[in-house]
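Remarks on the structure that follows.
The values are calculated or read from the model by the stated rules, or taken from the named source; none is laboratory data. The structure presented is a predicted model; accordingly, all values stated were derived computationally and were not measured. Every residue, glycine among them, receives a Cβ derived from its backbone with ideal geometry; neighbour counts consider all protein chains shown. These area figures cover heavy atoms from the full protein model, side chains too; ligands, DNA and RNA do not enter into them. Shrake-Rupley method; radii C 1.70, N 1.55, O 1.52, S 1.80 Å.
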Amino acid sequence: MAHSSSPITWRKPDGSVVSCFEKVKVLNENYAELRELLQDALDDALLMGCSEAQVREAFQYLLDSIQASVSEDPDAI
């Protein structure tokens with residue numbers, strides 16, 4: 001996965017690149033928003049005396065526990 005300074009190449013389930021400018025724009029905006037929200041939440045937790053390792057573990061658990069509410073359809077728009 002790319003770092004915040006490197007652009008992400010978004011891929012379809014078959015491995016091909018998502019090339020539609022508007023789709024890539026939305027994906028990048030969502031990624032940036034999530035990064036900012038996670039950064040703010042981590043900073044808040046540390047300011048309140050939480051363990052950074054425990055907060056990161058909780059964030060990872062949250063990410064691992066969510067389920068897609070739509071199917072991964074290669075023919076989707």
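Round to the nearest 0.05 the FRET efficiency obtained for E33 and E57 when R0 = 22 Å and r is the Cβ-Cβ distance. Don't skip to the answer; put the middle values down first.
Working: r = 22 Å, r/R0 = 1.01.
That gives a FRET efficiency of 0.50.
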### Query
Over the Cα atoms of the chain, how large are the radius of gyration and the largest Cα-Cα distance (Dmax), in Å?
15.5, 47
### Query
With every protein chain present, what accessible area does C50 have (1.4 Å probe, heavy atoms only), rounded to the nearest 10 Å²?
60 Å²
### Accessible-area composition of the chain, carbon plus sulfur, in percent [1.4 Å probe]
57 percent
### Summary
Note to self: with every protein chain in place and a 1.4 Å probe, the chain gives an accessible area per residue in Å² of 88 Å²
### List E33, E52, ordered by accessible area with a 1.4 Å probe, largest first
E33, E52
